[in-house]
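The values are calculated or read from the model by the stated rules, or taken from the named source; none is laboratory data. Quantities reported herein were computed from a predicted structural model and do not represent experimental measurements. The accessibility values were calculated without ligands, DNA or RNA, using every heavy atom of the protein model including side chains. Shrake-Rupley method; radii C 1.70, N 1.55, O 1.52, S 1.80 Å.
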Amino acid sequence: MTPQPHRAPRPRAVHHSVVLDDGHRVGVSVGGRGVPLVLQHGVAMDRRTYLRLLSRLAGAGFLVVAIDAAGHGDTIPLPEPRTFSAMSALTLRTLDALGVRQAVFMGHSMGGRMTIELAATHPDRVLAAVLVDAAAGTTLDRKAFRVLTAPHTIAWGLAWAVCDVALEQRALRGQAHLRYARLVGRTVWRTMRQPAEPLWAIRAIAAASDSSTHLRALPAHHIPTFVVHARNDLIVPWQSALDMADLAEGSLYEVPAASHGWILADPDRGAAVMTQLLDDGLGRVLDQA
């Protein structure tokens with residue numbers, strides 16, 4: 001019998017509820033050792049949705065810190081008046097409580113939009129920005145603005161989201177297909193039970209619909225930016241990725257034959273992309289830091 005290669009177990013995440021000095025409770029998961037990497041999730045998701053990705057990134061040599069955004073997962077909503085900027089600021093306050101001064105920020109969808117804002121307004125905290133199908137760019141901004149002027153367009157957005165999930169499911173087989181179906185099912189069930197916070201987050205993104213100013217601030221602050229985007233993304237169009245890479249003067253990485261949720265459907269692919277980023281430039285950034 002041919003001996004099988006030994007595979008080291010992936011680091012397991014430890015889950016916390018951090019209570020900030022004003023009593024705000026925030027859900028946090030931490031795993032691995034190394035350079036801090038802050039993982040920010042998409043709208044209607046939470047940090048536990050990304051646990052398989054978290055473990056793979058932790059195995060790649062990062063101390064991964066995944067944080068639930070306000071009103072998502074184990075984090076309580078923000079007090080009124082609530083803004084998207086306040087949601088981003090809550091992430092920094094949580095990192096202060098954890099003693100994390102600088103980190104690589106990796107954001108998916110809404111989390112990518114949060115990463116852009118944090119890098120633009122607090123560049124001293126961001127070693128690099130990894131934008132995974134981020135909800136930003138001039139093209140996406142125009143779509144988001146229509147949510148404010150014509151709220152019924154949210155229904156069209158949900159329909160595109162369903163199509164996007166179906167497109168991703170077609171590429172999966174076996175256990176991967178079942179895992180992604182369960183993940184999507186849990187997300188839909190959770191959103192149906194508590195729709196107010198995801199809808200508020202969508203409107204908050206729309207209200208802060210001009211991302212171009214923040215994107216232009218990234219090269220001005222010398223923030224290395226990596227735009228990772230699925231070619232077949234039906235929620236954030238490919239043109240938005242071109243917008244982001246151009247405005248932020250960042251490196252653009254196309255994920256072929258993939259849609260918006262690819263990094264959840266195939267976390268091994270997500271870890272492979274991060275390894276490529278380390279080889280292509282992110283590694284040099286971390287060495288210098």
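Ignoring ligands, DNA and RNA, what accessible area per residue does segment 166-289 give at 1.4 Å, in Å²? Don't jump to the answer; show the numbers that get you there.
Numbers: 6280 Å² over 124 residues.
That works out to 51 Å² per residue.
Summarise the accessible area of the chain (1.4 Å probe, protein heavy atoms) by the percent that is carbon and sulfur. Kindly include the intermediate steps, with their values, before the conclusion.
Numbers: 7760 of 13620 Å².
With neighbouring chains kept in place, the figure for the chain is 57 percent.
Based on DSSP H assignment, which helices of the chain show an axial Cα extent of at least 18 Å together with a mean Kyte-Doolittle hydropathy greater than or equal to -0.5?
84-98, 153-170
Please list, in chain and number order, the residues 5+ apart from Val38 or on another chain whose amide H is under 5 Å from its amide H, with Hs placed from the backbone.
Under 5 Å from the amide H of Val38: Val65, Val104, Phe105, Met106.
Would you work out if segment 49-121 is rounded, prolate or oblate? Take a ≥ b ≥ c from the square roots of the eigenvalues of the alpha-carbon gyration tensor; rounded if a/c is under 1.5, else prolate when a/b is larger than b/c, oblate otherwise.
Numbers: a/c = 1.75, a/b = 1.53, b/c = 1.14.
Verdict is prolate for segment 49-121.
Using heavy-atom solvent-accessible surface (probe 1.4 Å) with all chains present, what is the largest-first order of His229, His16?
His16, His229
When only Cα pairs under 8 Å and 6 or more residues apart are kept, what is the percent relative contact order across the chain?
On the way: 533 pairs, mean separation 54.2, N = 289.
In percent, rounded to a whole number, it is 19.
First check a/c for segment 236-289, with a ≥ b ≥ c the square roots of the eigenvalues of its C-alpha gyration tensor; if it is under 1.5, answer rounded, and if not, answer prolate when a/b is larger than b/c or oblate otherwise. Don't jump to the answer; show the numbers that get you there.
Values: a/c = 2.84, a/b = 1.19, b/c = 2.39.
It comes out oblate by the Cα gyration axes.
Need one word for the chain: rounded, prolate or oblate. Basis is the Cα gyration tensor (sqrt eigenvalues a ≥ b ≥ c); a/c below 1.5 gives rounded, then a/b vs b/c decides.
On the way: a/c = 1.23, a/b = 1.12, b/c = 1.09.
Rounded, since a/c falls under 1.5.
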